[in-house]
Each structure stands twice: as structure tokens, then as C-alpha cells.
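What follows is a single structure, written as C-alpha cells, with notes after it.
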Amino acid sequence: MDIKAQYEDLLPEIKQLVGDVIDSGRFILGPNVRALEVEVAASVGYGHAVAVANGTDALELGLQALGIGPGDEVVTTAYTFFATAEAIARRGATPVFADIDPVSLCLDPDAAEAAITERTRAVMPVHIFGQTADLRAFRELADRHGIALIEDAAQAFGATFEGYRAGSYGDVATFSFFPTKNFPAMGDAGMAIASSEEIAEKVRLLRFHGSRDKRVFEQIGVNSRLDEMQAVILRRFLPEVDGWNEGRMAAAARYRELGLGEHVSLPEVAPGRSHIYHLYVVRTPAREQLQRRLKEAGVASAVYYGQPHHLQPVFRHLGYREGSLPVTEAASREGLALPMFPTLVEEQQREVVNAVRGAASAAA
Ligand SMILES: *Cc1c(COP(=O)(O)O)cnc(C)c1O
């Protein structure tokens, strides 16, 4: 990734805006944070947005606002960034890992449903790599079982499911604006989208020590405030995100046209969904050789989620084994992220494809 290239042209403006915040002397939860919340909710087209310090806190506070805690189970995927499962465990609840769908690599609704017990309080799919989970199936499943739906949309700002944007199906949905995400801040930042003002109000309370006014404390919360500098940057970037996502989609189409699919399996997009390619993850059983060859050719690549959560030492007590989640484990073994960012150009992509071709012919 080349995270600066996409907003190089905006930097003078950004520096001006940050300078204005410094001049204003208002640094935390000020007018830019409030405006950002309104603008993000409008962009998602749904819900009530509450800005927090990062995407992990958005998940944890979202779970807490929904009343999820010790003794509760939350069904989720093991093929995701660690924060997803961590947020559940930090609430004292138990993550229950179900397998993923082989096309989207998101939590499989049937597998998730099979994992529901009388202790299940929520299902938490992750829109992995920039493609949403089957949100209609998950909404129906959650309603059928009387449990909450939480969308971990950290990687999918602007991705759509049947025309609706990620974040518009959950009781709570969460975004991360970590600098490498598709909608980046220049530091840590996150957002919870609540389906009701009541849930939003709870998250608002929790992000500020469980207090509305710094005098009366109604709950044990945390300090998870967003600052004005990140908010002003995010407000300036928000109108650009769809264009950046289109740049990524165009780059993905070019990888296909350049013949990358002759050598490795390309990411697939399920019907009715858009993929905004937060990460461009191809698959090959010969991943190690491919990665070694790419490195020799000077092409960056990275393994995302080489060890799924159900096999992590911290969750050993949950009793999963190798083979418990075969689709998840195959994706963890075979997936390799190739260069992907909005300003990626054909020439660079040709180099990538040639390097992959070279690795494939060396293996043959
Ligand atoms: C990035 C990410 C998070 C956490 O966001 P932070 O802002 O880094 O705390 C959570 N879930 C997923 C799937 C992510 O990719």
C-alpha cells in the first residue's frame, strides 16, 4: 500500500484545517466531531453515529451498549483482525467461532445459525477485505432468534449489499479509520453506527466515563473520545472515499485483465455485493514459494490472518482444534495480499503479474 499517494494533493488543505483546529483551542469532542458524526450517518444512509477513539473501542462499546457481557455468547468469524474476537472477550463474553463462506470469506450464515445456543446474544459478521457478509441473511437470522446483529465494518466503508451501504443492517455497526483503512484518519479513530438513538446514547455515555456532564456518573465507561484534528481530517476525506474505492475496484479489474487469474485464484465477489478491496487477497496452495519469489522481485505481499482466532493460544480453552473450521483454515493457509491502493497504475500491476507468473513457472 501507498497510503499517502491517494491524498497527496489534499495535504496543503489538510495542514490548513489542522492549523485552524490548533488556533481554535478546542481539541476533544468539539464541533468537527459532531459534524463528522452527522456526515458519516448521512453517508451510510442509516442510523446514529457516535465517534470513538478507534475501531476496537467501537466494537467493545457497541457490545456493551447492547447489554452483552459475562455468560453471553457472540457468534463470529475466526478469519479477521484480532480486535473482533478481542472485543467480545473483553466484555467477558465468549466468542463462538463459526466457519466462513468460501466465496466472500465472510461468516457463513448457515454455519453461524448452527452455532447458536440459548446463551447466544449476538451474531457478529465481519465484512472481510472490503466485501460485506450476506447482510440480508444475517438480519433475518438475528430477528428469527431474537439476537442482535453487529457488523464489524472496519474494512468496508462504502461497500454495498443489494445497494445499501455497509453499516445499515446492524443493531450496531462499527468502522475503523486507522490510517491504512479505506477511509483513513492520520492517527487512530473509529465510529459506531447505532440503529436507534437509544443505543447511540448508551455508546455516547460509555465513551465518556459513563457520564453526560462530568458530574454524575451513571455507568462504568471508558475514555474513548475522538479528537478534533482527526475529525477535521476525516471530514475532508469523506467526500473522497467513494472515488478512492473506485480506484481500488478499477485496479482489481485490471489485475484480472492482465491475466493474474491464470496463476492464482482471484478474490470473488458474491452476487448483489460490491467489493472495495481494502485488501486484495489472492489464493494459492504454494503461498510460501510465491511470497519468497515476490520478495526477490521486489513486490510487496503480506499474509492476512495466517493463524485464525480459534487456533490462537489465547483461545485454547475454548477447545477448537485444527480441522474445526476447514474453510477458515484453508483461507488462512492460502491467502496472500498483493499491492492494492487507489493510485495503483497498470505499469505497477504488470510488474506484479509478471512476478507472479515467474513464480508460477518456476514452480511448474
Ligand atoms: C482494523 C480493524 C479493527 C480495529 O480497528 P482499530 O481502529 O485498529 O481499533 C477491527 N476489526 C477489523 C476487521 C479491522 O480490520
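Okay, residues lined up against (1) free of Cβ contacts under 8 Å to residues at least 24 places away in the same chain; (2) aliphatic (A, V, I, L, M); (3) in contact with a strand residue (DSSP E or B) (Cβ under 9 Å, 6 or more places away or on another chain):
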| position | (1), (2), (3) |
| --- | --- |
| 6 | no, no, no |
| 26 | no, no, no |
| 41 | no, yes, yes |
| 46 | no, no, yes |
| 65 | no, yes, yes |
| 71 | no, no, yes |
| 75 | no, yes, yes |
| 78 | no, yes, yes |
| 98 | no, yes, yes |
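Residues in the stretch 293-334 that are in a helix (DSSP H, G or I) and surrounded by 13 or more Cβ atoms within 10 Å (Cβ to Cβ): 15 in all.
Applying the selection to the stretch 163-176, what residues are in a loop (DSSP other than H, G, I, E, B) and either within 16 Å of the ligand (Cβ to nearest atom) or touching a Lys or Arg at 6+ places or on another chain (Cβ under 8 Å) (or both)?
166, 167, 169, 170
Scanning the stretch 218-240 for residues that are β-branched (Val, Ile, Thr) and touching a helix residue (DSSP H, G or I) at 6+ places or on another chain (Cβ under 8 Å), we see that the one that is farthest from residue 188 (Cα to Cα) is 222.
Is it fair to say residue 154 is closer than 24 Å to residue 105 by Cβ, of a type in the set (A, V, I, L, M, F, W, C), assigned to a helix (DSSP H, G or I) and in the same structural domain as residue 11 (by TED's automatic domain parsing)? No: the conditions fail for residue 154. Number of residues in the stretch 111-141 that are among the hydrophobic types (A, V, I, L, M, F, W, C) and buried (at least 24 other Cβ atoms within 10 Å of the Cβ): the value is 10.
Could we say that residue 160 is away from the ligand (no atom under 16 Å from the Cβ), surrounded by fewer than 24 Cβ atoms within 10 Å (Cβ to Cβ), among the polar types (S, T, N, Q) and under 16 Å from the mean Cα position of the chain (by Cα) here? Yes, satisfied.
So, of the residues in the stretch 133-149 that are in a helix (DSSP H, G or I) and within 16 Å of the ligand (Cβ to nearest atom), which turns out to be farthest from residue 190 (Cα to Cα)? Applying the filter and picking the extreme gives 138.
On the basis of being crowded, with 21+ Cβ neighbours inside 10 Å, within 22 Å of residue 48 (Cβ to Cβ), within 16 Å of the ligand (Cβ to nearest atom) and charged (D, E, K, R), does residue 152 make the cut? Explain how you work it out, then say what you get.
Details: crowded, with 21+ Cβ neighbours inside 10 Å: yes; within 22 Å of residue 48 (Cβ to Cβ): yes; within 16 Å of the ligand (Cβ to nearest atom): yes; charged (D, E, K, R): yes.
Considered against the rule, which asks whether it is crowded, with 21+ Cβ neighbours inside 10 Å, within 22 Å of residue 48 (Cβ to Cβ), within 16 Å of the ligand (Cβ to nearest atom) and charged (D, E, K, R), residue 152 comes out as yes.
Scanning the stretch 177-213 for residues that are closer than 30 Å to residue 342 by Cα, more than 10 Å from the ligand (Cβ to nearest atom) and of a type in the set (Val, Ile, Thr) gives a single hit, 193. For the criterion of being surrounded by fewer than 22 Cβ atoms within 10 Å (Cβ to Cβ) and assigned by TED's automatic domain parsing to the domain that holds residue 231, residue 55 fails. For the stretch 26-42, filtered to residues that are in contact with an Asp or Glu (Cβ under 9 Å, 6 or more places away or on another chain) and in a helix (DSSP H, G or I), the residue that is nearest to residue 99 (Cα to Cα) is 33.
Residues checked against (1) among the charged types (D, E, K, R); (2) more than 17 Å from residue 204 (Cα to Cα); (3) crowded, with 24+ Cβ neighbours inside 10 Å:
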residue	(1), (2), (3)
47	no, no, no
81	no, yes, no
85	no, yes, yes
97	no, yes, yes
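The values are calculated or read from the model by the stated rules, or taken from the named source; none is laboratory data. Model, not experiment: these values are computed from the prediction. All Cβ positions, glycine included, derive from the backbone under ideal geometry; neighbour counts span all protein chains shown.
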